[in-house]
Amino acid sequence: MDEQLKTEIEAATFRRLLRHLDEHKEVQNIDLMNLASFCRNCLSKWYAAEASERGIEVDYDAARERVYGMPYSEWKEKYRQPASAEQLAQFNQQS
């Protein structure tokens with residue numbers, strides 16, 4: 001497999017991951033953090049960092065809009081649920 005094809009497959013996989021997360025808005029970031037040690041915000045930070053590595057400035061808010069599919073404030077208002085005491089305890093144990 002040449003590098004171009006590898007890059008195309010990796011990009012398609014990333015888009016599919018974003019689509020999957022978008023289809024499962026009921027999965028909260030704290031759930032992702034507790035299960036996999038990353039969340040949508042992590043993906044946003046990684047996106048901005050990779051852009052920066054390539055000399056392209058993508059600020060955190062723009063990266064979050066790419067990952068969330070809308071401005072974060074809108075997503076938060078529509079879909080974010082308060083974390084339960086159990087979720088927070090699990091998260092704090094990992095830190």
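The values are calculated or read from the model by the stated rules, or taken from the named source; none is laboratory data. Note that the structure is predicted; figures quoted are calculated from it, not measured. Here the Cβ positions follow ideal geometry from the backbone for every residue, glycine too, while neighbour counts run over all protein chains shown.
Condition check for A11 on (1) over 19 Å from A63 (Cα atoms); (2) without any contact (Cβ under 8 Å) to a residue 40 or more places away in the chain; (3) of a type outside the set (D, E, K, R): one failure, at (1). Counting the residues of the stretch 73-93 that are of a type outside the set (G, A, S), surrounded by fewer than 10 Cβ atoms within 10 Å (Cβ to Cβ) and farther than 19 Å from K25 by Cα gives 3. Looking at the stretch 27-40, which of the residues that are in contact with a helix residue (DSSP H, G or I) (Cβ under 8 Å, 6 or more places away or on another chain) and over 16 Å from L88 (Cβ atoms) is surrounded by the fewest Cβ atoms within 10 Å (Cβ to Cβ)? Going through the qualifying residues, I end up with F38. Residues satisfying the criterion are present in the stretch 55-69 (criterion: surrounded by 13 or more Cβ atoms within 10 Å (Cβ to Cβ), modelled with pLDDT of 95 or more, on the phi > 0 side of the Ramachandran plot and not hydroxyl-bearing (S, T, Y)).
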